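The values are calculated or read from the model by the stated rules, or taken from the named source; none is laboratory data. Here the structure is a predicted model, which means the values were calculated and not measured. Ideal geometry is used to build each Cβ from the backbone, glycine not excepted, and the neighbour counts take in all protein chains shown.
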Amino acid sequence: MQHARARRHGRRLLLWQLVVAVGLVLTLLSDTALPLAFAALSVAVASHARELGWRLSFAVVLLYGLVAQVCFAWLAPHVGGSLATDNTVAWALFGVLHALWGASRPLPQPGTRQWATLAGAVVTPLALAAYFGWTAASGESPWLGWAMAGDAANNMILNREFVEQGGLLRAQGNTAPLATVVHASWAAPSLGDATQADTVRQLVLHGGLLGLGFLMLLGVAGSLLALRHGPRHPGRRVTVGAAAGLLPWMWCVAGFALAYGYQNSPPAMLILLLGWICWVAHREHPVASVTGLVLATWASAMAWGPVVLVPALWLVAAVVAERRALRRAGWLLVVPASALVGAASYALLVTLPDLRSSGGVPGVDGGHPNFDHRWVMGTVVGLSLLVLLLHRWIRPEVRCGYWVALPAAGLAAYQLIGTRTAADLPMWGYYPIKFTWIVMSVLVLILFSELHQPFSRVTRRLWRGGGVLLALAVPFALMFQVTPPLRPVTLANAFTPVRLHDDIGYDATYDTMFDLMAEEPRTIVSLYHGPEAVALDSLMNFWLLQSGATSIADPIRFPAYTMDSTDPVAVCSAITTWGGDMRVVTRSPRLERILARTCPTAPDYDVELVTGRARS
């Protein structure tokens, strides 16, 4: 028996090490950290699945991986070597250590229910990945314009700065570095000695793809949550999981995240949903639940600080509710206690000093979706009344989790509104809306997970339906009232993947812009597309100037937003701000003479006249 146990241990160890090795090889071949990170996280999830179950293991391991990635980013500049190499070694060690741990623990034997859950969780992400791949392969120009909207340029600068410095430095003063760390770490292997044009292209591409990846993970987490008490029939489980996976791709979740370039929002949504998965498991797995909530609180502070109160209060409530079980846990309490010490140390040494130096959450304005505050308040009041009226029929952990999250979200919103009123801005604006949007995006996934079962019971009695469409209709109708899609309401305006497939109008322009940047990084265009397409000149100049910025505070970023390429004074101002030693590309034979008269004292620059018609 002992020899048989040793053989099984050896086979499991070989299997997990092989998974990590395959991930390592794919990372080295593909110039991206994703395959190795995926392999290491998969081994880690499997190694804890027997004790925690696959769902809770997925949530805790993913939270742990996000926190560990940021903590490693603080150490990376002091380790030596390139960021890509250090990151690859760190993920390989992460995978090997969990392979050693998992080899001593037999895997739970999955049954039909578990296989159906897996199929339901991955069918939508796999279908969307194939759809996006077809979109990228069928275009005439590289499919990139969808990833270059909103704050994408700011994100590119922060990600490039992170890679150049080899990790996080205190001088950066980034109070919410998680998105920058993850996006830049994933792109780092593809940069190496790349030119500026290739660096910008790779950072934008990897940033967009990782944004899609986070949204897919959000869908997987939503599917796992919906199937926590889902139907027993395998086909129905797959249907419920696939439907839950569609919710993050509504116009009001993925659509806003990509249109406004909110790089940190999908990670914040994912962390909140993983925190909820940990919360609802606190009765069955008190120690793991508390550990996951500590990690969710820690990761929330790293991702986007205003949401931290929600998992923090879930953590307090879980500790209070399970205090007896935690006291009986014995030495296992070392795990959540260690996580709590780490989170507190990070807050004292990193988060609080950064907040003090930056002055806290600023009361500023920025681009944001339209959110009707009256419908937001109506939603809060309506949900609260429903939870009160249906108290007996709602699971205790769900109704308690709602009542804990409600004051946490209210307090965070109150603080964000207070910063705006202190800055003499209208109460309802950028940060309050962004916070409300993140919370409500998670809410629609939780709503679906709780509604599909009772709706299925009702529809089976009335017309033998499955109830899934009805459960999908409720969050759709709710968000339609709070923040409606663009009119007319077409499939492209309501379902983000279709919009991304159709969003190719600027791909040729961006491809030309990258060609110009590859020839000479310090380039601007003026009268390049002709007077009838000045907007395309502005689009190219925005990215040309942003790509030339050395930091987020570089003065050259300001003309990127305001420069009129048909105005010689504005062009001269941009030349002076950039410091000369650059070129202006045009199709106007008169531009060189006009600039010579307008800015005779401008630093050295060349005017390059091109002929033919610009691609657009």
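Per the listing L100, L118, L107, the residue uniquely modelled with pLDDT of 90 or more and more than 21 Å from W298 (Cβ to Cβ) is L118.
Is it the case that S441 is part of a helix (DSSP H, G or I), of a type in the set (G, A, S) and at pLDDT 95 or above? Here the answer is yes, as S441 does meet what is asked.
Report yes if some residue within segment 222-237 is of a type outside the set (D, E, K, R), in contact with a Leu (Cβ under 6 Å, 6 or more places away or on another chain) and over 30 Å from C278 (Cβ atoms); otherwise report no. No, because not a single residue in segment 222-237 is of a type outside the set (D, E, K, R), in contact with a Leu (Cβ under 6 Å, 6 or more places away or on another chain) and over 30 Å from C278 (Cβ atoms). With respect to being under 16 Å from the mean Cα position of the chain (by Cα) and either touching a residue at least 40 places away in the same chain (Cβ under 8 Å) or in the same structural domain as C400 (by TED's automatic domain parsing) (or both), L315 falls outside the description. Exactly one residue out of A408, A344 is surrounded by 16 or more Cβ atoms within 10 Å (Cβ to Cβ) and assigned to a helix (DSSP H, G or I): that is A408. Within the set V220, V200, V181, the sole residue that is over 19 Å from S30 (Cβ atoms), part of a helix (DSSP H, G or I) and in contact with a Ser or Thr (Cβ under 8 Å, 6 or more places away or on another chain) turns out to be V200.
When A318, A405 are checked against the criterion of being in contact with a Ser or Thr (Cβ under 6 Å, 6 or more places away or on another chain) and at pLDDT 95 or above, a single residue qualifies: A318.
Listed here are the residues, each with its yes/no results for (1) assigned to a helix (DSSP H, G or I); (2) closer than 27 Å to P336 by Cα.
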site: Q17; (1), (2): yes, no
site: V25; (1), (2): yes, no
site: L29; (1), (2): yes, no
site: T32; (1), (2): no, no
site: A59; (1), (2): yes, yes
site: L63; (1), (2): yes, yes
site: L75; (1), (2): yes, yes
site: G102; (1), (2): yes, yes
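Number of residues in segment 105-125 that are assigned to a helix (DSSP H, G or I) and farther than 16 Å from H501 by Cα equals 13. Only residues that are of a type in the set (A, V, I, L, M, F, W, C), farther than 22 Å from D606 by Cβ and part of a loop (DSSP other than H, G, I, E, B) were counted across segment 538-556, and they come to 2.
So, in segment 455-513, exactly how many residues are surrounded by fewer than 18 Cβ atoms within 10 Å (Cβ to Cβ), in a helix (DSSP H, G or I) and of a type in the set (K, R)? So the count comes out to 3. Determine whether segment 19-42 contains at least one residue that is under 22 Å from S289 (Cα atoms) and surrounded by fewer than 20 Cβ atoms within 10 Å (Cβ to Cβ). Yes: segment 19-42 contains one or more residues that are under 22 Å from S289 (Cα atoms) and surrounded by fewer than 20 Cβ atoms within 10 Å (Cβ to Cβ). On the given criteria, is S190 among the polar types (S, T, N, Q) and buried (at least 24 other Cβ atoms within 10 Å of the Cβ)? The answer is no for S190.
Quick check on segment 53-75. Is at least one of its residues loosely packed, with under 14 Cβ neighbours inside 10 Å and assigned by TED's automatic domain parsing to the domain that holds V182?
yes
On the stretch given as segment 230-252, residues that are among the small types (G, A, S), in a helix (DSSP H, G or I) and modelled with pLDDT under 95 total 1.
Taken over segment 518-537, the criterion of being part of a helix (DSSP H, G or I) and small (G, A, S) is satisfied by A518, A533, A535.
If the condition is being closer than 21 Å to L168 by Cβ and of a type in the set (S, T, Y), then segment 266-312 contributes T297, S300. Only one entry of T135, T195 meets the criterion of being surrounded by fewer than 20 Cβ atoms within 10 Å (Cβ to Cβ), over 22 Å from S547 (Cα atoms) and assigned by TED's automatic domain parsing to the domain that holds L273, and that entry is T135.
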